[in-house]
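Note sheet for the following structure.
Bear in mind that the values in this text are calculations on the coordinates, not laboratory data. For clarity, every value in this text was computed on a predicted model and none was experimentally measured. FYI the Cβ positions are ideal-geometry reconstructions off the backbone, even for glycines, and counts take in every protein chain you see.
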Amino acid sequence: ERYQGIRPAPGYPACPDHTEKRTLFDLLAAENAIGVHLTENFAMTPAASVSGFYFSHPQASYFGLGKIGSDQVTSYAGRKQWPIDVAERWLRPNLVG
């Protein structure tokens, strides 16, 4: 039977913030459990490693986040407890002009 659901991952269109990998790794104790590690830029080692959020539901569908306005960056930075420039760094490909 074919998998029904979605597997979005940090750094991809539905969740462009790579730093959420740290949240996922901490929640699952991934480094201790399977020996996969994150670099300071949130690349995974070994390089063939993958991570993501798995939602198993037949009506789940992928979406792209699209462009993020300055008001959204400000809101996100507040929730992450980051300065605006840090949020802009991690979200840069999705920022409006």
_By average C-beta atoms within 10 angstrom, highest first, the peptides 44-52, 5-13_ = 5-13, 44-52
*Please find the FRET efficiency linking Y3 to N94, where r is the Cβ-Cβ separation and R0 is fixed at 30 Å, and quote it to the nearest 0.05.*
0.65
*Looking at the range 1-93, which trypsin sites (Lys or Arg not before Pro) are DSSP coil and have at most 16 other C-beta atoms within 10 Å of their C-beta?*
R2, K67
_Added length on full extension, which subtracts the Cα-Cα distance from 0.36 nm per residue, R79 to L27_ = 16.9 nm
*Sites excluded, chymotrypsin sites (Phe, Trp or Tyr not before Pro) in DSSP loops with at most 14 other C-beta within 10 Å, longest stretch of the chain*: 4-52
